[in-house]
Structure formats: structure tokens, C-alpha cells
Amino acid sequence: KAGVTQTPRYLIKTRGQQVTLSCSPISGHRSVSWYQQTPGQGLQFLFEYFSETQRNKGNFPGRFSGRQFSNSRSEMNVSTLELGDSALYLCASSLGGTDAYEQYFGPGTRLTVT
Amino acid sequence: DQQVKQNSPSLSVQEGRISILNCDYTNSMFDYFLWYKKYPAEGPTFLISISSIKDKNEDGRFTVFLNKSAKHLSLHIVPSQPGDSAVYFCAASADSTGTYKYIFGTGTRLKVLA
């Protein structure tokens, strides 16, 4: 079974631009979560989608948004990029049920904002 | 406010000895805990989990201990192997709403010396 895939793997953008990252979950997984990883901050939860609905949201500004499609693929969008948005963005998928807690991560998208 | 803390940024252990990685949390509502291992340029890999109704869970060389009164959990790796060298993250969830909002620690870099 294929794992979680994320595209692109690397991205360089300029301040003020916007960016869209994509995540394809493991087949059959309906929950997709997004995390931001920066040095010293660990992984910080952005949001989680289940069946095309955002179920939970972390403490990030409204510039960070996401969506999920009917095939469970998810996209994350960051508008008006700031230098501090440079990070590794990880998505994780899980079955989504109340007895399936394990999340499986993709390799991440490394975003550099200049 | 860091609700999940890994106070040791790094740890070095001789091959064959025990590695003990620690994690403290502040939110008494957390009821599910996970450990992940992360190699460079890869997403985190799920290792082991424990729910708050248990105080120990074992899987091969990996054992997680939970002390709810102290709000502390630890991951024991016995015996440690050079391939265990990676960054280890603990994560906690208050799954009362059935969602997957995980709070991660900042990670501990484990180096197993041959």
C-alpha cells in the first residue's frame, strides 16, 4: 500500500506570494492533518480534515487555510507569505475513526520564503 | 505555552545499553500519547502509543511508561542500536471530541554510539 505523498517536496517563494501544498493520504484514510515543523518549535498542529470538513484547527493566523476533496486528498494554502513561514510542512493521514489514533506522515514539503 | 515538553534536546547512548527518552505534559485532559521517530528528510514514523487507561505498553525493544499523577511519560529502547539514532517526538491528544489534534513536543535527538 502506498504511503502518504506530498508535493512538491521543495519550494522557494518570495515574501508576499502565496503557496499551495498538496497531500495524498494512504488509500482508505479519511483524516488528513497538517503540521508545521520549525527548529526549536517541534511540530505544530495546523488543522485536520475529515470527510471534506475541517474538524479541528490550531493557533495559526487566517493566512493558513486548507481543504479536502472527496477523494480525501488535501491542499494547504498560505497567502501573503512571511519569512517566518519558512518551515517543513508535514501532512499525516489516519483512518479517522475513534479507535484508529495512529497517524502516518508524509515526507513533508520544505518551504523557503526569501 | 508548551503543553508537551521534551526537556532533553539530545541524548547519547552506547550500543546495547538502554535509551530513556522523557516527555512531560501539563494538560490533564490528554488521554492518548504517541511516540514518533524521525530521520532527516523523512516524515515522522509512528513507533508506539499508550492510552491513559494503561501505565505501560510494550512492543519489541520499545516500551512506553505513563505516570498520570506526574504527567510524565517515557520511552525505553532496549537494547539500543545504531539504527535507532534519530529524533524522537512524543505527542499527546485529548480525544474527547473524536478528533485528531495532536500536540507534539520539540523532540529529543538520540545518538546511539557503536
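Each reported figure results from applying straightforward, stated rules to the coordinates on display, with no laboratory input. Bear in mind the structure is a predicted one, so any value in this text is a computation, not a measurement. Glycine also receives a Cβ, built like all others from the backbone with ideal geometry; neighbour counts cover every protein chain displayed.
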What does the net charge come to around B:ALA41 if you take all other residues with beta carbon closer than 13 Å to its beta carbon, with K and R at +1 and D and E at -1?
+2
Computed over the protein assembly as shown, Cα set: Rg, Dmax in Å:
17.4, 51
Expected-Rg normalisation [2.2 N^0.38 Å, Cα atoms] applied to the range A:42-86:
1.21
Peptide A:42-50: average number of partner chain Cβ atoms within 10 Å per residue?
5
Note, B:ASP24: beta-carbon cut-off 10 Å, +1 each Lys/Arg, -1 each Asp/Glu, net +2
Which three numbers, in whole Å and largest first, are the semi-axes of the equivalent ellipsoid of the range B:55-114 derived from its Cα gyration tensor as √(5λ)?
25, 14, 10
Taking 0.36 nm per intervening residue step and subtracting the Cα-Cα distance, what contour gain separates A:LEU11 from A:PHE60 on full extension?
15.6 nm
Please enumerate, by chain and number, the lysines with C-alpha under 23 Å from the C-alpha of A:LYS57, excluding those fewer than 8 residues away in the same chain.
B:LYS5, B:LYS101
Restricting to lysine pairs 8 or more places apart or on different chains, what number in the range B:36-87 have Cα atoms under 15 Å apart?
4
Using eta = 1.567 mPa s and T = 4 °C, Stokes-Einstein with Kirkwood Rh from Cα pairs puts D for the range A:49-114, in µm² s⁻¹, at 97 µm²/s
So how do B:61-71, A:83-93, A:6-16, B:31-41 stack up, highest first, on mean other-Cβ count within 10 Å?
A:83-93, B:31-41, B:61-71, A:6-16
Bins of 5 Å from zero: percent of alpha-carbon pairs in chain A
2, 13, 24, 26, 19, 10, 4, 1, 0
Stokes-Einstein at 25 °C, 0.890 mPa s, Kirkwood radius from Cα pairs: D for chain B in µm² s⁻¹?
173 µm²/s
